[in-house]
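Notes to accompany the following structure.
The values are calculated or read from the model by the stated rules, or taken from the named source; none is laboratory data. Please read all numbers here as calculations on a predicted model, not as lab measurements. No Cβ is skipped: glycine too gets one built from the backbone with ideal geometry, and neighbour counts run over all protein chains shown.
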Amino acid sequence: MNTQNSTSFDALISQGMAASRTNDSAQAIECFQKATASKPQDGLPQFLLGAEYAALGEMKQAETAFANATLLAPGFPMARYQLGLLQFSSGRAGVALLTWQPLLELPESDPLPHFVRGFAALAQDHFDEALRYYGQGLERNTSNAALSNDIQKVVSSIHALGVQVQSVGGDRAGVAAQDPAGGDEDASNHVLLANYQQQGRPH
């Protein structure tokens with residue numbers, strides 16, 4: 001009986017991922033929901049559900065699914081990372097940094113703690129520091145192209161702000177985001193504006 005359930009679970013995950021690749025979100029969601037019913041203690045289908053909902057712009061459902069995946073699989077770092085990224089992208093940096101805290105305990109060879117430090121710096125508008133951490137993470141990420149692509153978008157957005165950084169005596173002297181209209185807006189909000197809608201499905 002357990003073997004049959006396992007086979008059914010694996011088949012549902014495979015079918016859901018195949019549907020996701022063809023942008024058939026309705027079919028993918030149905031498969032992942034059935035997989036959750038088959039193995040309610042497994043975090044993978046919840047993670048995949050979160051990815052589908054995020055791609056559809058259904059952020060409340062995405063956050064719930066990523067949170068479920070994190071609770072069910074605390075040793076699944078990508079679920080925690082994606083949950084925090086969604087929270088950060090929706091303007092809740094403090095909540096995201098709490099969510100990400102356990103990721104800082106990962107080995108320095110893992111890209112995720114470096115990316116988390118980058119977002120922590122970004123939350124304080126320390127753009128030079130953020131770029132340094134993002135670079136360190138990108139150097140270490142050799143297996144997940146989608147993850148690097150997401151970070152590259154953030155890096156490109158920072159550069160697109162026209163940010164200029166000067167360090168005097170080892171301290172950050174200033175960051176200027178050039179606004180032709182003379183407006184003084186929060187640059188970090190610009191960087192992450194509609195980030196989830198742009199990045200598509202996390203893998």
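In the range 94-121, which residues are part of a helix (DSSP H, G or I), out of contact with any Pro (no Cβ under 6 Å at 6 or more places or on another chain) and farther than 23 Å from Ala55 by Cβ?
Gly94, Leu97, Leu98, Gln101, Pro102, Glu105, Pro113, His114, Arg117, Gly118, Ala120, Ala121
Taking the range 63-120, which residues are β-branched (Val, Ile, Thr) and surrounded by 18 or more Cβ atoms within 10 Å (Cβ to Cβ)?
If the condition is that a residue be β-branched (Val, Ile, Thr) and surrounded by 18 or more Cβ atoms within 10 Å (Cβ to Cβ), then Thr70, Thr99, Val116 are the ones that fit.
Can you find a residue in the range 42-57 that is outside any helix (DSSP H, G or I) and modelled with pLDDT of 95 or more?
yes
Just to verify a result, which residue in the range 39-52, among those that are out of contact with any Lys or Arg (no Cβ under 7 Å at 6 or more places or on another chain) and closer than 20 Å to Trp100 by Cβ, is surrounded by the most Cβ atoms within 10 Å (Cβ to Cβ)?
Gly50
Report whether or not Leu98 is in contact (Cβ under 8 Å) with a residue 40 or more places away in the chain and in the same structural domain as Arg132 (by TED's automatic domain parsing).
Judged against the criteria, Leu98 is not a match.
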